[in-house]
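The values are calculated or read from the model by the stated rules, or taken from the named source; none is laboratory data. These figures come from a predicted structure and were not determined experimentally. Every residue, glycine among them, receives a Cβ derived from its backbone with ideal geometry; neighbour counts consider all protein chains shown.
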Amino acid sequence: MTAPLYAIGRFCSRHHWPVIGAWVALAIALLAIGHSAGSKTSENLTLPGTDSTIATELLEDNLPEQAYGSNPLTIEAPAGKKLTDPQFASAVAETAKRLNALGDVNSAVSPLSPQGAAFLAKDETVGYFPVVLSVGPGEIDEEEAERILDAAGPAKAAGLEPAVGSYVGQQLSKPATETSEAIGLAAAVVILLFAFGTATAMMLPIVSAVLGLVCALSIIRLLEHVLEVPGVASTLATMIGLGVGIDYALFIVTRHKLQLADGMELRESIARATATAGGAVVFAGFTVVIALCSLAFAGIPLVSTLGFTAAVAVVVAVCAATTLLPAMLGALGPHINSLRVKLGKTHPDDKEPHGWRRWAEWVSLRPWSATVAALLVLIVLALPIFQLELGQNDISALPKETTSRQAFDSLDKGFGPGVDGPLLIASEFASPSEAKQVLPKLEEEIGTAPDVAAVSEPTLDKAGTAAVFTVISKSEPWADETVGLVEDLRETQIPAALRGTRASSYVGGQTAGYIDLATQISDKLPLMIAIVVALSFIVLLVAFRSLLVPVKAAAMNLLSVAAAYGVVTAVFQLGWGSSLIGLDHAIPIVSFVPLLMFAILFGLSMDYEVFLLTQMREHYEEYGDERRAVVEGLANTGRVITSAAAIMVCVFTSFVLSGNPVVKEFGVGLAVAIAIDSTLVRCLLVPAVMVLLGRRAWWLPRWMDRLLPKISIEGEEYFAEKDAEAAPAVAK
């Protein structure tokens with residue numbers, strides 16, 4: 001890896017303008033293509049083998065017009081008015097006409113029509129059109145969703161308040177992230193000024209990360225037309241792409257500046273920084289991508305796609321750091337230290353800031369105290385994890401200006417909270433006569449279940465052997481009571497109603513899909529943790545040729561992830577301090593957040609592990625003194641690791657401002673985990689344990705040493721040979 005990276009760095013620095021031009025042209029082209037293609041996110045919850053997916057497939061085959069349930073388009077009368085007032089009648093009728101004229105609308109019954117009496121609240125202030133579409137959550141795009149809401153234009157013009165829920169509303173309820181991105185970048189600028197001491201060098205990681213992010217997001221937008229990409233994927237990719245993009249560039253620029261301070265020639269310094277720090281960047285990025293792509297083993301399409309799209313952002317960030325950044329360094333030349341800004345007591349060009357050396361010495365002299373203190377803090381932070389429960393997105397936590405939240409509030413006010421998340425009961429019968437005999441009993445049995453508010457009339461297919469009807473819960477879709485209702489229906493009510501028949505019945509709909517998703521993730525989480533840990537162990541085993549280093553790394557990463565889970569559980573599920581992040585009540589932990597968090601955090605924490613241990617190993621091989629290797633490694637990398645982590649923490653924290661509660665959970669979880677990992681773990685626990693392990697830390701059985709391939713992350717052997725060959729020429 002070293003020789004190719006060295007050649008790439010040298011080429012890009014020499015031909016800097018063509019390389020920069022190519023990146024700019026690529027970003028503009030991808031941005032233009034992505035913009036013209038438009039956004040088409042998907043909230044489809046296809047989970048092979050689950051009740052909810054079987055129900056959808058059954059309806060797609062027999063009752064396709066009912067397969068995806070309905071999307072409630074609510075209308076609410078102004079205060080003191082009723083929908084039945086004469087001035088609203090024509091507007092409501094025109095809205096129904098416009099809805100039914102849309103190509104993808106199978107039906108939309110007016111709440112003021114004789115057939116729609118059930119869709120009008122008792123006080124007649126709220127009503128809704130159950131909009132049944134021929135396209136599901138995996139096919140509808142933002143433009144089609146907008147057309148459905150726009151069809152309520154006459155109602156809005158008459159003074160009514162329209163809003164739309166379900167998967168149509170989800171397409172239109174994506175809170176903007178521009179403010180979070182701006183705050184994250186502003187924080188990164190300040191930290192980079194501290195890290196580099198020059199405004200010129202500070203701009204390099206920012207430009208590299210932003211250009212890379214533009215390319216990555218455009219690629220993800222294009223993938224939305226090929227894959228079922230959830231709406232949160234772009235935001236998650238932005239968080240990760242921005243954080244790692246700046247971090248990776250920071251490591252390379254830092255190495256380049258230090259080499260220039262030692263008198264190395266400019267082009268050679270760029271090439272070596274790309275090959276050494278760039279090698280560590282490629283290796284670290286590779287571990288993140290492995291962790292994210294390993295989510296495919298879960299067999300859950302939603303989770304796999306989120307992992308894949310996040311991996312796209314990481315790959316593009318690595319490519320930008322190893323090609324675009326060397327080109328910008330070449331274009332900047334010797335002016336990298338211009339526009340100097342001195343901040344702090346030590347200068348950024350100091351190889352060993354005295355504070356970090358003193359800290360490293362203190363830890364090395366008190367390894368047991370440091371280990372116990374770090375473990376106690378981590379264990380205390382992790383304690384709430386025992387109360388962790390996986391749930392689904394809480395619509396009531398969305399900003400009030402989003403149409404999904406408005407629709408939920410209107411439905412809650414007029415009909416109760418369960419209307420926004422109906423359950424679909426899809427049934428298949430051996431014959432029409434069996435359907436006529438079993439259906440009434442099935443409806444009656446389900447109607448007696450706890451927490452059932454209403455059961456609709458069934459709809460039969462033309463053959464009379466397939467049917468569907470709707471069940472409304474008394475509770476919110478994400479409430480524990482609704483989860484209990486779905487379990488009761490599947491385990492008690494439906495089996496009791498179908499006993500002695502050949503009929504089969506399944507609980508479907510989006511709410512049931514999210515419940516099935518939480519169940520699947522709970523079942524797969526231990527397996528996914530084992531897979532990611534095993535893959536990371538193998539990668540570190542090969543990289544550092546040590547048996548105990550990867551074991552230590554895996555154990556410590558698990559501790560930091562557990563601490564992050566504990567904080568997320570305390571803040572969101574238990575509601576401790578939730579008001580500080582813009583929430584007015586506790587909300588469920590969305591089921592896929594912990595799984596994605598684990599893969600992301602395990603990969604990112606390996607970044608810091610690689611950078612720190614590479615230095616420790618290099619000094620151990622140089623001096624043969626394990627304690628000195630720990631001190632030198634931490635003293636030389638402490639500033640850059642904490643600077644990189646501070647940037648990532650600021651980027652992740654800025655996304656807490658997002659109105660999307662799922663993004664808030666990712667923001668808090670990732671920020672806390674990186675903060676813990678870069679301070680308690682990397683700067684306290686790791687060096688302390690490495691001192692305690694002593695020479696054993698670098699032990700590897702001989703048989704394993706013979707089997708493992710030899711790789712060098714930063715190419716020490718390559719440059720040792722290169723310098724040895726160059727020495728006679730210099731002497732002559």
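Here are the numbers for this structure:
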read-out	value
Which listed residue, of T309, T322, is at pLDDT 90 or above, buried (at least 24 other Cβ atoms within 10 Å of the Cβ) and either acidic (D, E) or more than 30 Å from G197 (Cβ to Cβ) (or both)	T309
Residue, surrounded by the most Cβ atoms within 10 Å (Cβ to Cβ), within segment 264-296, restricted to residues that are of a type outside the set (D, E, K, R) and farther than 23 Å from G243 by Cα	A271
Verdict on M616 being modelled with pLDDT under 90, under 26 Å from the mean Cα position of the chain (by Cα) and in a helix (DSSP H, G or I)	no
Qualifying positions in segment 78-136 - in contact with a Pro (Cβ under 8 Å, 6 or more places away or on another chain), of a type in the set (A, V, I, L, M, F, W, C) and more than 19 Å from L411 (Cα to Cα)	A91
Some residue of segment 191-201 being part of a helix (DSSP H, G or I), modelled with pLDDT under 85 and within 16 Å of the chain's Cα centre (by Cα)	no
Residue selected from segment 616-634 under the condition surrounded by fewer than 23 Cβ atoms within 10 Å (Cβ to Cβ) and not acidic (D, E), by the criterion nearest to S678 (Cα to Cα)	R617
Those helices (runs of 4 or more DSSP H) lying entirely in segment 76-172 with at least 2 residues among the aliphatic types (A, V, I, L, M)	86-101, 142-150, 153-157
Given (1) surrounded by 22 or more Cβ atoms within 10 Å (Cβ to Cβ); (2) in contact (Cβ under 8 Å) with a residue 60 or more places away in the chain; (3) farther than 30 Å from L306 by Cα, number of the condition A237 does not satisfy	(3)
Hey, E401 modelled with pLDDT of 90 or more and either assigned to a helix (DSSP H, G or I) or surrounded by fewer than 18 Cβ atoms within 10 Å (Cβ to Cβ) (or both) or not	no
Some residue of segment 203-221 being surrounded by 24 or more Cβ atoms within 10 Å (Cβ to Cβ), in contact with a strand residue (DSSP E or B) (Cβ under 6 Å, 6 or more places away or on another chain) and in contact (Cβ under 8 Å) with a residue 60 or more places away in the chain	no
Yes/no for A407 being closer than 30 Å to L73 by Cα, in contact (Cβ under 8 Å) with a residue 40 or more places away in the chain and outside any helix (DSSP H, G or I)	no
Only listed residue being under 32 Å from the mean Cα position of the chain (by Cα) and assigned by TED's automatic domain parsing to the domain that holds S654, chosen from A187, A163, A145	A187
Selected residue [out of contact with any strand residue (DSSP E or B) (no Cβ under 8 Å at 6 or more places or on another chain) and not assigned by TED's automatic domain parsing to the domain that holds V662] from E428, E487, E457, E443	E487
Count of residues meeting criterion [closer than 21 Å to E43 by Cα and touching an Asp or Glu at 6+ places or on another chain (Cβ under 6 Å)] in segment 374-410	1
Helices (runs of 4 or more DSSP H) contained in segment 465-559 and holding at least 3 residues of a type outside the set (S, T, Y) and within 23 Å of the chain's Cα centre (by Cα)	510-544
Test: residue in segment 9-26 that is within 30 Å of F592 (Cα to Cα), among the hydroxyl-bearing types (S, T, Y) and out of contact with any His (no Cβ under 8 Å at 6 or more places or on another chain)	no
Single residue of G513, G464, G508 found to be surrounded by fewer than 16 Cβ atoms within 10 Å (Cβ to Cβ) and out of contact with any Gly (no Cβ under 6 Å at 6 or more places or on another chain)	G464
Test result for F611, at pLDDT 85 or above and either aromatic (F, W, Y) or within 27 Å of T2 (Cα to Cα) (or both)	no
Enumeration of residues in segment 583-618 that are within 21 Å of G285 (Cβ to Cβ) and either hydroxyl-bearing (S, T, Y) or in contact with a His (Cβ under 7 Å, 6 or more places away or on another chain) (or both)	S605, Y608, T614
Lone qualifier among L595, L613 - being assigned by TED's automatic domain parsing to the domain that holds I240 and under 23 Å from A249 (Cβ atoms)	L613
Among (1) of a type in the set (V, I, T); (2) at pLDDT 85 or above; (3) crowded, with 24+ Cβ neighbours inside 10 Å; (4) farther than 18 Å from L242 by Cβ, the one test that T679 misses	(3)
Complete set of residues in segment 487-505 that are of a type in the set (V, I, T) and surrounded by 23 or more Cβ atoms within 10 Å (Cβ to Cβ)	I494
Residue within segment 269-285 that is part of a helix (DSSP H, G or I), assigned by TED's automatic domain parsing to the domain that holds L26 and under 14 Å from the mean Cα position of the chain (by Cα) present	no
Any hit, segment 129-145, residues being at positive phi and not basic (K, R)	no
Among residues of segment 229-263, those that are in a loop (DSSP other than H, G, I, E, B) and under 26 Å from V668 (Cα atoms), counted	3
Candidates M704, M690 - the one that is modelled with pLDDT under 85 and farther than 20 Å from F194 by Cβ	M704
Condition check for I33: of a type in the set (V, I, T), surrounded by fewer than 21 Cβ atoms within 10 Å (Cβ to Cβ) and free of Cβ contacts under 8 Å to residues at least 24 places away in the same chain	no
